[in-house]
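Notes to accompany the following structure.
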Amino acid sequence: MTSTVLVTGGAGYIGSHTCLRLLECGYRVIVLDNFSNSSPEALNRVQSLTGKTLEIITGDVNDGAALNTLFARHQIDAVVHFAGLKAVGESVAEPLMYYHNNVSGAVSLLQAMQSAGVRDLVFSSSATVYGDPASLPITEDFPTSTTNPYGRSKLMIEEMLRDLYRSDASWNLALLRYFNPVGAHPSGQIGEDPAGIPNNLLPYIAQVAVGRREHLSVFGGDYETHDGTGVRDYIHVMDLAEGHVKALQWLTRKQGLAAFNLGTGSGYSVLDMLHAFERACGKTLAYQIVDRRPGDVGSCYADPTLAARELDWKAERGVNAMCADAWRWQQQNPNGYN
Ligand code: NAD
Ligand code: UDP
């Protein structure tokens, strides 16, 4: 029997790659997105790449009435919840917008799922919930903490999901803690399309490579890492997309709530990534070491053992593929989807 999955935020960066993979795996996919940080063009391309059709609903996860109608009209088996805002700096300036979009949005979605009797959810959490980890690599039982409203919104939703599960064990909940998603579909047709000046490292480097920005500012050269620059666990977005398929399969096998790290288990520094990108694009890229960015941690990488054991999932792609695919997307779409 074909499963039908509602993907909130499915037009976004991770959502579009996941929709593509879900269609390839034979799922029927309904996308709910308000396009506040994405373009419908991403979904057009997902359909042309797969030769399959998505149902696309323009709407907001905070619109409870629209959600009830959606669940009444469609027999939905599971929900993958990406919809939300994700810029740390913006969350500090506009905390209410973040709590409304992310936390209230999740409450409204869960209420509609509850009324409709839909109990299977995959939730986009983040490695940001680990704060500044006391040791590395990070396992799922590490203490959680966070320093900004974005991170707190993710932690609040995680706590809310735990309370929900305690109240009713028929819920089936996978909390996926992503490390640093990068890269693009190997076709170069879908990828990350940040609005304005990119906050994240890889899109910034890609814009330096394509000539849109002069140089990369490296935030901090005095961390306790092999070259002094910050270390992260970069994960290819196609591996992440596969992780969602595996989490949906896990939900059909198991009953319960669990959090999983989705990372590679390897840490790379800012300069490692810059040099990997230089190899991918065949150019030397300008950079300057500047002050640390407030709130950044020195090093962060996953222990992905639990996901390997429980989800049968493992990241397959390395930094060279991440940079080559990000570069292909950037070159073919120098101005993103516009
Ligand atoms: P994105 O901004 O590209 O995608 C989010 C999508 O949700 C967009 O299409 C946006 O239009 C939509 N959206 C936002 N608010 C909505 C609302 N109220 N109703 C309906 N649609 C709404 O972000 P992404 O990078 O694809 O991230 C997806 C999820 O993963 C987010 O929840 C994010 O917090 C989480 N996450 C992302 C990263 C990362 O580095 N990209 C890391 C960890 C966790
Ligand atoms: N970074 C940087 N310059 C930039 C953007 C990011 O040096 O313009 C560094 C940042 O300090 C961190 C790493 O790159 O060490 C990854 O940052 P990103 O914002 O992509 O992800 P984060 O791990 O902070 O969520």
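Just a few scattered comments:
- Cα long-axis angle, helix 149-167 against the chain (0 to 90 degrees, to the nearest 10): 30
- The label point for residue 297 and the one for residue 72, both projected 7 Å from the Cα toward the Cβ, are 4.5 nm apart.
- If you plug the beta carbon distance of residue 166 and residue 187 into 1/(1 + (r/R0)^6) with R0 = 41 Å, you get a FRET efficiency near 0.40.
- For segment 82-194, a crude dipole built from +1 on the beta carbon of Lys and Arg and -1 on the beta carbon of Asp and Glu, taken about the Cα centre, is about 140 debye to the nearest 20.
- Taking the longest Cα principal axis of the chain as reference, the axis of helix 237-253 is set at about 30 degrees.
- Top of 48, 266, 16 by mean-square fluctuation, Gaussian network on the chain, Cα under 10 Å: 48
- Radius 10 Å from Cβ of residue 187, net charge of other residues (Lys, Arg +1; Asp, Glu -1): +1
- Protein accessible area in the chain, 1.4 Å probe - carbon and sulfur %: 48
- Distance between the 7 Å Cα→Cβ label points at residue 309 and residue 135: 1.7 nm.
- 14 Å beta-carbon shell around residue 57, net charge (K/R +1, D/E -1): -2
- Cα→Cβ-extended label distance, 7 Å offset, between residue 55 and residue 92, nm: 4.3
- When 144, 4, 50 are compared by accessible area at a 1.4 angstrom probe, the order from most to least is 144, 50, 4.
- The gain in end-to-end length when the residue 63 to residue 290 segment is fully stretched comes to 77.4 nm, 0.36 nm per residue minus the alpha carbon separation.
- Largest to smallest in accessible area, the residues 275, 185, 226 fall in the order 226, 275, 185 (1.4 Å probe, all protein chains included).
- Per-residue ellipticity at 222 nm, computed for the chain from helices alone with -39500 (n - 2.57) per DSSP H run of at least four residues, works out to -11500 deg cm²/dmol.
- Counting only residues at least eight positions apart within a chain, or on another chain, the lysines with an alpha carbon under 23 Å from that of residue 86 are 154.
- About its Cα centre, the dipole of the chain is roughly 600 debye, where the only charges are +1 on Lys and Arg Cβ and -1 on Asp and Glu Cβ.
- Per residue, segment 55-149 exposes 45 Å² of solvent-accessible protein surface, assessed with a 1.4 angstrom probe and all protein chains in place.
- Quotient of Cα Rg and 2.2 N^0.38 Å for segment 185-338, N being how many residues it contains: 1.12
- Note on segment 256-338: with charges restricted to the Cβ of Lys and Arg (+1) and Asp and Glu (-1), its dipole about the Cα centre is near 220 debye.
- The alpha-carbon of residue 314 sits under 17 angstrom from the alpha-carbons of these aspartates and glutamates, leaving out residues fewer than 8 places away in its chain: 140, 233, 239, 242, 303.
The values are calculated or read from the model by the stated rules, or taken from the named source; none is laboratory data. These figures come from a predicted structure and were not determined experimentally. All Cβ positions, glycine included, derive from the backbone under ideal geometry; neighbour counts span all protein chains shown. With ligands, DNA and RNA removed, areas are computed over all heavy atoms of the protein, side chains included. Shrake-Rupley method; radii C 1.70, N 1.55, O 1.52, S 1.80 Å.
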